[in-house]
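To start, the structure itself, in structure tokens.
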Amino acid sequence: MFRALVVVGLLALLLQPAAAQPALDKVAQQWVAATLKKLTLEQLVGQMIFAPLNSTYLSSDSDQYEALVKLIHESHVGGLIAFGGTEPMPNVMLNNTYGPVILGQPLELASLFNRLQAVSALPLLTTADFEWGVAMRVAGTTKFPRAMAFGAAGDPQLAYEAGKVVGLESRAIGVHVDFGPVADVNNNPRNPVINIRSFGEDPARVGAMVNGWVTGLQDAGMLATLKHFPGHGDTDVDSHLGLPIITHPRSRLDTVELPPFQGGMAAGAAGVMVAHMEMPAIDPEKRPATFSPVIIGDVLRGQMKFDGLIFTDSMKMAAITKMASPGEAAVLAVKAGVDAILDSPDSAAAAAAIVAAVKDGTIPRAQVERSVRRLLESKARLGLHKTRTVNLESATLLTGGRKHEAVAQAVSDRAITLIKDERAMVPLATPRTGSVMYLSVLDYPSGWRIAAPSRTMIPELRARWAATEAFEISDRTTPTELEMVRALAAKFDAVVAGIYVRASSGSGRLDLAPQLEQFLKDIARGTERRKQPFVSVLFGNPYTAMGMPEAPAVMLTYDFSDASARAAIKALAGEMPIGGKLPIALPGMFPIGHGLRRGSAAQ
């Protein structure tokens with residue numbers, strides 16, 4: 001179905017109205033009506049609060065577990081959002097390379113959900129950010145490359161297959177709602193928060209990928225959530241750190257930002273997440289979308305006819321916490337028209353403030369009841385009024401595994417994009433008995449705890465070229481060390497650089513350090529004089545290529561995964577064809593759709 005989509009037909013697809021949610025059977029309708037009728041105001045409001053938890057092991061005999069039970073019993077929270085985990089690290093200066101973020105575990109999360117479902121009067125709607133797979137938060141599950149790799153591969157069928165895997169694995173461990181796919185059109189090279197999380201820069205192609213991913217997720221029984229409405233792609237401000245402002249006119253919104261959301265809605269997406277960002281051309285009062293009845297009520301509900309669930313983004317992000325207290329922010333969001341308050345800094349305070357606002361007439365009770373009806377209907381569509389828990393033994397059969405991993409590897413293989421090869425060095429002609437210098441070039445050395453750079457590149461290179469020596473450099477490498485590595489380069493038959501640059505939420509960073517860009521220029525010039533092969537493989541931010549004009553051969557992977565590294569080495573060794581196309585433009589270098597093709601050595 002999806003493989004047959006062509007660009008000329010995409011706009012017609014994207015302009016379809018939002019698809020209606022599946023009708024409930026009579027039993028489910030009766031459950032929704034009876035439940036809604038018996039809820040007190042406090043219980044109604046509680047259904048709109050989604051509290052955070054970690055997916056690491058949590059004993060039932062712990063303060064953290066008791067705090068979650070208290071939120072369920074006293075604040076009547078109706079939903080949960082699962083993160084990975086964290087461990088305490090020393091807050092030190094000068095050499096702080098520790099990373100507190102860790103992944104959770106599938107059975108631990110499933111067990112925790114089962115326990116909390118058992119103590120809740122009503123079934124809980126469980127959610128998570130699984131943008132690029134359950135492995136974004138939970139170890140042992142399938143890790144897909146970031147969305148931009150799908151854009152480079154250019155096949156919506158792959159998005160469908162990946163979405164279906166994510167849905168199957170999520171439901172197996174008790175997660176009902178995915179906060180994905182990202183429907184943002186990344187057309188700003190300086191976007192520090194979306195970047196490779198977007199399928200690309202062309203609205204129609206992004207919409208096709210969004211449509212495929214939504215369909216796959218929901219065919220597997222999971223609810224998809226489009227984000228970040230009305231479009232977070234053209235900003236250079238990270239909403240984790242501040243409030244982005246999009247100054248484009250409404251006409252631009254209709255032609256660039258909204259079509260991918262329309263594509264997802266046409267596929268029947270159950271939810272939309274609104275962004276913490278201002279669009280003055282739509283809301284002259286300059287309220288962030290989270291607090292804007294114009295953006296939510298007039299545009300999303302009114303003009304786009306969306307009647308599914310509307311979620312806030314995390315209410316812990318600085319764009320919101322700098323503006324209002326947890327209670328004030330929750331009230332403003334509900335007044336604007338959201339159905340669910342996500343990840344408040346204080347879930348109990350958020351619930352209490354909304355209750356008070358209903359009592360004093362600031363928020364109509366009828367509005368709360370409409371939101372809760374949507375939430376209860378979503379729970380009924382998932383069958384939660386019949387069965388809330390999951391079978392832990394079955395979860396091990398449905399999460400991870402070779403079949404799912406093969407889908408992820410196929411995407412990574414097809415995403416590899418060769419944008420330059422001035423000396424015809426790809427595939428690398430260096431004999432397998434030759435020597436290779438491998439440079440692992442990092443933006444900065446901290447925060448890599450769950451995705452250590454080059455952990456796969458080095459062994460995969462050595463499996464082909466046994467005489468491979470690896471060096472790691474970063475913004476902390478001294479001038480003396482850089483000079484040593486520069487001098488050593490002449491002793492090898494070829495040089496390969498794996499360049500790792502993140503567009504990481506909350507980091508405020510997006511580039512290689514200037515001294516590293518200069519170092520790579522020097523390597524490029526030296527290898528040209530020596531007629532020595534030099535190939536750069538970019539992991540993560542593809543716009544890094546714009547700071548490397550002297551690099552003679554550049555491949556893009558759009559990700560940091562082991563699958564992406566394996567794909568890069570197979571491409572470098574001539575073991576597979578290269579056919580990826582740029583899903584974004586590299587201003588001053590190459591347009592959307594550029595990509596050099598290479599066949600495999602076996603062809």
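None of the figures in this text is laboratory data; all of them are computed from the coordinates on show. It should be emphasised that the depicted structure is a prediction, and the values quoted were computed from it without experimental measurement. In this analysis, Cβ positions are derived from the backbone assuming ideal geometry, glycine residues included, and neighbour counts consider all displayed protein chains.
Tabulated data for the structure shown
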quantity	calculated
Least to most buried among Ile341, Ile72 (fewest other Cβ within 10 Å first)	Ile72, Ile341
Under 14 Å from the Cα of Lys581 - aspartates and glutamates, other chains or at least 8 residues apart	Asp155, Glu201, Asp202, Asp413
P(r), alpha carbons of the stretch 207-347 - 5 Å bins starting at zero, rounded %	2, 11, 21, 23, 20, 15, 7, 2, 0
For the chain, size of Cβ-based charge dipole, Lys and Arg +1, Asp and Glu -1, in debye	1040
Local electrostatic count at Met273 - Lys and Arg +1, Asp and Glu -1, tallied over other residues with Cβ under 15 Å	-3
Whole-Å semi-axes of the stretch 280-398's equivalent ellipsoid (Cα gyration tensor)	28, 18, 16
Principal-axis tilt of helix 156-172 within the chain, Cα atoms, nearest 10 degrees	60
Which of Pro288, Gly308, Pro189, positive extreme of dipole for the chain (C-beta unit charges)	Gly308
Unsatisfied cross-links (Cα-Cα over 29 Å) in the set Lys164/Lys322; Lys359/Lys386; Lys164/Lys420; Lys26/Lys305	Lys164/Lys322; Lys359/Lys386; Lys164/Lys420
Efficiency of FRET from Cβ geometry, Leu482 and Arg423, R₀ 35 Å, rounded to 0.05	0.90
Mean separation of Cα contacts under 8 Å (6+ apart) over length of the stretch 416-572, as relative contact order %	33
Point-charge dipole on Cβ atoms (K/R +1, D/E -1) for the stretch 416-572, about Cα centre, debye to 20	360
Rounded tilt (10° steps) of 479-488 against the dominant C-alpha axis of the chain	50
Computed over the stretch 219-327: relative contact order in percent, which uses C-alpha pairs under 8 Å that are six or more apart	32
Long-range HN-HN contacts of Thr127 with modeled amide H, under 5 Å	Leu80, Ile81, Ala82, His176, Val177
Ranked list, fewest to most other Cβ atoms within 10 Å of each Cβ, for Val334, Val210, Val355	Val355, Val334, Val210
At 0.890 mPa s and 25 °C, Stokes diffusion of the stretch 416-572 via Kirkwood alpha-carbon radius, µm² per second	159
In Hz, Karplus ³J(HN,Hα) per residue of the stretch 208-218 (6.51, -1.76, 1.60; θ = phi - 60°; x = Gly, Pro)	5, 5, 4, 4, x, 5, 4, 4, x, 4, 7
CD proxy at 222 nm, helix term only [per DSSP H run n ≥ 4: -39500 (n - 2.57); per residue of the chain; nearest 500]	-11000 deg cm²/dmol
Relative contact order of the chain, pairs being alpha-carbon contacts under 8 Å that are 6 or more residues apart, as %	16
Burial ordering of Asp343, Asp219, fewest other beta-carbon atoms within 10 Å first	Asp219, Asp343
Equivalent-ellipsoid semi-axes of the chain, from the Cα gyration tensor, Å, largest first	43, 25, 23
Net +/- balance of residues flanking His76 in space, Cβ distance below 13 Å, scoring K and R +1, D and E -1	0
Geometric extent, Cα atoms of the stretch 375-502 - Rg, Dmax (angstrom)	22.3, 68
